[in-house]
Every structure is written in structure tokens, then in C-alpha cells.
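Here's the structure, in C-alpha cells; my notes come after.
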Amino acid sequence: MEDVDSLTAEVEGAGGPFSVQPTAGSPGTAPDFAAEDEALGDTNVVEASYAASVEHVVFTFVAAAERRLEVKLPVNLGAGPGRWE
């Protein structure tokens, strides 16, 4: 999820990827995996989808969002709520 170029190739032609990232403490995640890592994965999916001209992306972010105000979340890249041009 760290390689935006690989993600871009994967979402080429997709109708709308649905990105579900692991959260801190999920089984199989590294001991130092944090909310910032979860946000980075979703951000990279959104950036790759934008680069591939995908029109719709759904992503989740659940890692104690209300308690992690310092985590920078993906931002809307376009003209309206949930859209880009």
C-alpha cells in the first residue's frame, strides 16, 4: 500500500475500488503499525485512483479517529463532496 505507482496500475479501469486498511492492533500488523499507517494506505489508494482517472473510491478509516486528531486524513481532491474532476 506504500507504492502509489503499483496501486495506480491495479486500479486502472476500475469502476471504484473499496479500500479497507488494517487498524493498529489488527491481527497480522506490525507492532509499530499506527493510525498514521492506516491513513497513508487510504491516502495512497485515493491518489492512485485519481492518477488512474477512477471516478469513485470508497475507503474506510476507523483507528480511533475521534482520538487521533493529529492524523492527517485524505482530502477531497475535486470540485464537490466526494468528487474530483
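When you look at residue 8, is it modelled with pLDDT under 90 and either outside any helix (DSSP H, G or I) or hydroxyl-bearing (Ser, Thr, Tyr) (or both), yes or no? No; evaluated as a whole, the condition is false for this residue.
Is it the case, given these coordinates, that residue 51 is at pLDDT 85 or above, among the small types (Gly, Ala, Ser), surrounded by fewer than 18 Cβ atoms within 10 Å (Cβ to Cβ) and touching a helix residue (DSSP H, G or I) at 6+ places or on another chain (Cβ under 9 Å)? So residue 51 passes the test.
Scanning the stretch 11-25 for residues that are more than 16 Å from residue 59 (Cα to Cα) and surrounded by 15 or more Cβ atoms within 10 Å (Cβ to Cβ) gives a single hit, 24. Exactly one residue out of 66, 2 is assigned to a helix (DSSP H, G or I) and modelled with pLDDT under 85, and it is 66.
Any chance you could count how many residues in the stretch 11-48 are part of a helix (DSSP H, G or I) and in contact (Cβ under 8 Å) with a residue 40 or more places away in the chain? Residues meeting the conditions: 6.
The values are calculated or read from the model by the stated rules, or taken from the named source; none is laboratory data. Note that the structure is predicted; figures quoted are calculated from it, not measured. Neighbour counts run over all protein chains shown; Cβ positions are idealised from the backbone, glycine included.
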